[in-house]
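See structure below.
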Amino acid sequence: MTSSNNEEFIGQLADKYGRNRESLLPILQKVVEQYYFLSEESMVNIAKELNISTADVYGTASFYSFLGTTHQGKHVIRVCQTIICDMKRKEDIIDAIYDMLGIRPGETTSDGRFSLYYTNCLGACHKGPAMLINDEPYMELTPEKVKDIIVNYMKNS
């Protein structure tokens, strides 16, 4: 990503969503979708386009776990860490991911394809353990199901 490309992309997003405070969240989401994270440069450019402080942009970005401010893989895996998923053996899910990808929560594969994080409630406690890969939810997981899901992402990306 070059600086001018980043500025141009953010300008296009501001044209589409508007240049007011209410436009911040959709713009942040689209930047993450495009670049897989919010760089410092992106946050500065967004602040300029919306005429708000960079601190406001960073504060919003860092509040939402889905808006990463560090480089993430193309496929972001988020495993629910609630007590319910814990009781339903979420650690078996984490171990299955580690066996396949060699990463623990907070890490990204060396090829940049996958990142793994814990996240708070996904709203699927009745069907835990649960995880998201990008925006796709997966529930009632077993280590075997997780391996099949990840193999599918490996084949299709």
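Where a number appears in this text, it was derived from the coordinates with a stated rule and is not lab data. In this text, all values refer to a predicted model and were calculated from it rather than measured experimentally. In this analysis, Cβ positions are derived from the backbone assuming ideal geometry, glycine residues included, and neighbour counts consider all displayed protein chains.
Numerical summary
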item	result
Amide hydrogen neighbours beyond the local backbone of Gly73, cut-off 5 Å, H modeled	Ser115
Per-pair calculated FRET efficiency, R0 = 41 Å: Asp95 and Arg21 via Cβ, rounded to 0.05	0.45
Count of Lys pairs (Cα-Cα under 19 Å; at least 8 positions apart or interchain) in the chain	16
Theoretical ellipticity at 222 nm over the chain - DSSP helices of four or more residues, -39500 (n - 2.57) apiece, nearest 500	-15000 deg cm²/dmol
Estimated FRET transfer efficiency (Asp86, Arg113; beta-carbon r; R0 22 Å; 0.05)	0.20
Within-9-Å neighbourhood charge of Ser157 [Cβ basis; K, R +1; D, E -1]	+3
D_trans [Stokes-Einstein, Kirkwood Rh over alpha-carbon pairs] for the chain, 20 °C, 1.002 mPa s, µm² s⁻¹	129 µm²/s
Total formal charge among the other residues, if their Cβ is under 15 angstrom from that of Ala55, Lys/Arg +1 and Asp/Glu -1	0
Neighbour-count ranking [beta-carbon atoms within 10 angstrom, fewest first] of Arg89, Arg78	Arg89, Arg78
Cα→Cβ-extended label distance, 7 Å offset, between Thr142 and Cys121, nm	2.8 nm
Ranked Glu49, Glu33, criterion: other C-beta atoms within 10 Å, fewest first	Glu33, Glu49
Those Cys residues of the chain for which no other cysteine Cβ falls under 4.7 Å	Cys121, Cys125
Neighbour-count ranking [beta-carbon atoms within 10 angstrom, fewest first] of Cys121, Cys85	Cys121, Cys85
Net charge of Cβ neighbours under 13 Å - reference Ser42; Lys, Arg +1; Asp, Glu -1	-4
Residues in segment 6-29 reached by a label modelled at Phe66 [backbone nitrogen below 17 Å; 7 Å Cα→Cβ]	23-29
